1. Go through segment B:170-212 and give me each residue that's buried (at least 18 other Cβ atoms within 10 Å of the Cβ), away from every other protein chain (no Cβ under 14 Å) and either modelled with pLDDT of 70 or more or within 26 Å of residue B:104 (Cβ to Cβ) (or both).
2. Among the residues of segment B:120-164, what is the count of those that are more than 26 Å from the chain's Cα centre (by Cα) and within 21 Å of residue A:468 (Cβ to Cβ)?
3. Which residue out of A:177, A:124 is within 14 Å of chain B (Cβ to nearest Cβ) and in a loop (DSSP other than H, G, I, E, B)?
4. Looking at (1) assigned to a helix (DSSP H, G or I); (2) free of Cβ contacts under 8 Å to residues at least 60 places away in the same chain, which is the only condition residue A:288 fails?
5. Got at least one residue in segment A:367-387 being assigned to a helix (DSSP H, G or I), surrounded by 21 or more Cβ atoms within 10 Å (Cβ to Cβ) and without any contact (Cβ under 8 Å) to a residue 40 or more places away in the chain?
6. Among the residues of segment A:459-467, is there at least one that is touching a strand residue (DSSP E or B) at 6+ places or on another chain (Cβ under 9 Å), assigned to a helix (DSSP H, G or I) and more than 16 Å from residue A:180 (Cα to Cα)?
7. Those residues that are more than 14 Å from chain A (Cβ to nearest Cβ) and not in a helix (DSSP H, G or I), I need them from segment B:264-279; list them, please.
């Protein structure tokens, strides 16, 4: 009787899977019928429906000669898993349709993604649980497809975008455009996906040599540290425990630092300020399995700022009036962050294991920066490039005018400016006017909150208006010089 | 704000001069993407912006002025859908449909100019009506537009299209506002809740609100009880929240604990927080009854309550030695060992000596009272005085 029971079991499972495939197909068609205005969810739907159809056909083929052989149970299981993954990914279709994201938030991300790879597509959505995250869906979809149909390895899907970047942000930060300069970091991850910057860094001879020397001894420590870093449970441990710890950590830290350097390279000090004001950055002062300690990240970002010439720009002695006061305030903020980085460098890291890994990166920041610069040299947010604009734009903010263009004396039409100049003007104004000081009491907190909300609204509007102006006045929407 | 008078309409040379003036006194229209076409002989054409507020049908009344303010605000929010668009996107305005939008351009009005925004005649003839709206001196933001399709035909709108025009007039007696104007960068809901007279209208058919402030143990609670028992008032107290907080934190509601908690709450949330939190209860309960409110300690609380036009404040005081005796009589179980010196210290603090701006300020509150009583004998004498005052109030308010 035993074989018969097994056959019945598999038959029932196959029947349930077919039913699931048909239901999923109907649900996807229903989603399509909602008349989504943007193209990205339709592309995603095409791909998901294609997978479901493949799975359905294979299931029917599999069950054509009933009873089903128990030996084909694994095949059935693989198809069932593909359906589960499609179900999971369907959520993105709904997310991108339901997300009420202002254009001023969408534009910067879209601009960069399109510039990195013109054939890219993007989904952006508010996520209550995850906060700022980045993912790439085409790779995932390709893997699912390969599990159900014959596809050559290493090739992407013809006729479809090469990359489908997925960004999420904390919904409560939606209107907080200045804080959202932290998105530069997530775009940095996309850069990494497209150009394999981390992989290049990891295999660079200098990095390998340095890592190899320092980590040989630490390798012994790794398993123990993985179980209980600093005597506490590390939530990231679950995610990385199945991989060789040191290699995984190195890869993770390089990816994070590459993204940090990229964000400063293209957005200037705004990215560093945004990073330093994410409340959870405090919790990142200790290294973790996925992220380097925050002081190391700040140090890498400060290195890049120096490379871009911000030390000279913020030399208050070279300026007068408001501009001198602004330079002094922003310079002081950077000096405070430099102290954080310096303190972190001299204080011992948690445990020998992390200390060894941190040691590798102390000398590798410059190499990582070179790799990033090699890929996006044209977008460098150099101090001299934005200096002329930022101070003019701050004057606009001071007069409650969105900093979307630079006024030209006696002219009706202002000069277009860059996204980085707009966002940095917002941060410079915020720091100069001490809008992020600690309030004395609840009343002052509310006043500051209202002022910050107004500033954010002006900057958000400026991004939108700047984009609109380019689109209405320049050939091709002017995206080439918006960065 | 003082009324202003509009003189002649600004013509093209005036408009150009205003648009290119130094930033502090400039008429800002940004971005001006096509000035040749946009600046007419006496108007500036403006474009349709990238966000719409579209009314949607719901299960509740859209605007019910009998509701609490918070509930009205929530209804407004629920009754609209925000639709973000990009430049060049289309939106179909169905026949007789109403939507709210803004101009694409951000407009900054100097204090010496006012204006009107209205539809362009070409679009009006095509069926799109832009309801004329005044643009006040000092306005900062994208101009709010109300669009209606006035034909029995749907219209396809395109963001970025020039659908309306701004006509400007000099103001002969400009006034500058000390408080910064709010920035209106997106379409926003009806500001109907900002209408003070709306609250007054709601109150005109209501009873009145009597606040009782006074020194420690002077008889405030007794007066409130009298109003409730004899005159049917509903008693609300700002201290209720403090008692609840004390319970939550597992603390006994002693004088010291209550003073500390009150200060902490006001410090963290603004000095008028306790009065603000009563707003909903007041709005609802005054529809059915007169109200008496006790537990007032800070001037900001008095100011918040005085926003209700039917609010009156009475103060009560008595010599400290007598109040100490009354306090012990009333609190023998909870604080039997309170010494005269300790009571005097609590009293000084309660009156505002050495207190921060968010602390106890009973003396300052009493100075804002409409009527002050000194209790030097039996409480019944105070009741008589209060009853006489109530008769006066009834004559004035009802």
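1. Once the filter is applied, which keeps residues that are buried (at least 18 other Cβ atoms within 10 Å of the Cβ), away from every other protein chain (no Cβ under 14 Å) and either modelled with pLDDT of 70 or more or within 26 Å of residue B:104 (Cβ to Cβ) (or both), segment B:170-212 yields B:170, B:171, B:207, B:208, B:209, B:210, B:211, B:212.
2. Of the residues in segment B:120-164, the ones more than 26 Å from the chain's Cα centre (by Cα) are B:120-132, B:147-164.
With the extra rule that they be within 21 Å of residue A:468 (Cβ to Cβ), the set shrinks to B:120, B:123, B:128, B:130, B:147, B:156-164.
Qualifying residue count for the region: 14.
3. Numbers: A:124 fails: in a loop (DSSP other than H, G, I, E, B).
Testing whether each residue is within 14 Å of chain B (Cβ to nearest Cβ) and in a loop (DSSP other than H, G, I, E, B) leaves just A:177.
4. Evaluating residue A:288 over (1) assigned to a helix (DSSP H, G or I); (2) free of Cβ contacts under 8 Å to residues at least 60 places away in the same chain leaves (1) as the failure.
5. The answer is no; no qualifying residue exists.
6. The answer is yes, given that some residue of segment A:459-467 is touching a strand residue (DSSP E or B) at 6+ places or on another chain (Cβ under 9 Å), assigned to a helix (DSSP H, G or I) and more than 16 Å from residue A:180 (Cα to Cα).
7. If the condition is that a residue be more than 14 Å from chain A (Cβ to nearest Cβ) and not in a helix (DSSP H, G or I), then B:278 is the only one that fits.
Yes or no, residue by residue, for (1) in contact with a helix residue (DSSP H, G or I) (Cβ under 8 Å, 6 or more places away or on another chain); (2) more than 30 Å from residue B:285 (Cβ to Cβ); (3) within 14 Å of chain A (Cβ to nearest Cβ); (4) surrounded by 19 or more Cβ atoms within 10 Å (Cβ to Cβ):
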residue: B:86; (1), (2), (3), (4): yes, yes, yes, no
residue: B:97; (1), (2), (3), (4): no, yes, no, no
residue: B:107; (1), (2), (3), (4): no, yes, yes, yes
residue: B:111; (1), (2), (3), (4): no, yes, yes, no
residue: B:117; (1), (2), (3), (4): no, yes, no, yes
residue: B:143; (1), (2), (3), (4): no, yes, yes, yes
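The values are calculated or read from the model by the stated rules, or taken from the named source; none is laboratory data. Model, not experiment: these values are computed from the prediction. For neighbour counting, all protein chains shown are included, and Cβ atoms are generated from backbone atoms with ideal geometry for every residue, glycine included.
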